[in-house]
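The values are calculated or read from the model by the stated rules, or taken from the named source; none is laboratory data. Given the structure is predicted, the values throughout are model-derived calculations rather than measurements. Cβ placement follows ideal geometry from the backbone for every residue including glycine, while neighbour counts extend to all protein chains displayed. For the accessible areas, the whole protein counts, side chains as well, though only heavy atoms, and no ligand, DNA or RNA atoms are used. Shrake-Rupley method; radii C 1.70, N 1.55, O 1.52, S 1.80 Å.
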Amino acid sequence: MGRYSKEDIFRMVEEDDVEFIRLQFTDIFGVLKNVAITSSQLAKALDNKCMFDGSSVEGFVRIEESDMYLYPDLDTWTVFPWGDENGAVAGLICDIYTSAGEPFAGDPRGNLKKAL
C-alpha cells in the first residue's frame with residue numbers, strides 16, 4: 001500500500017490551507033507541464049477524471065484523439081514552500097491515460113515504469 005490515501009490528502013489540504021493543486025506530467029521531451037485545479041476539484045482529480053487536451057502538448061497526439069486523463073500518484077503529494085494570502089499550492093505527479101482508459105504510449109513516466 002502507498003504512503004498516502006485519498007483521505008490523507010483531503011486532510012492535508014485542510015490542515016495546510018491548500019487552495020491550488022498542480023497536476024504535473026512531462027511531455028515527450030521531458031519538459032514539465034501541469035494542469036492547475038482548485039482544491040474544490042480535488043475529488044474529481046483523485047478519481048482520475050481530470051481531462052486535458054493532449055493535442056495542445058507538443059509531440060502527444062492529433063486533435064482527433066486529444067482527450068487525455070491525468071491519474072495522480074498519491075505518493076507524490078507535495079505542498080510547495082510558496083503560496084500567498086489565497087492559500088498554499090500543492091502538486092501531484094500524474095500518469096497519462098487515453099480516453100479508452102489505457103496508459104498513453106507517449107507518457108515518459110509510464111514508459112519508465114514499464115522499463116523498470
note = Within the range 91-111, the count of residues that are open to solvent by 50 Å² or more (accessible area, probe 1.4 Å) and outside any strand (DSSP E or B) comes to 6
ask   = With (1) under 23 Å from residue 114 (Cβ atoms); (2) at pLDDT below 95; (3) open to solvent by 30 Å² or more (accessible area, probe 1.4 Å); (4) aromatic (Phe, Trp, Tyr) as the list, and residue 82 as the residue in question, which single condition is left unmet?
value = (1)
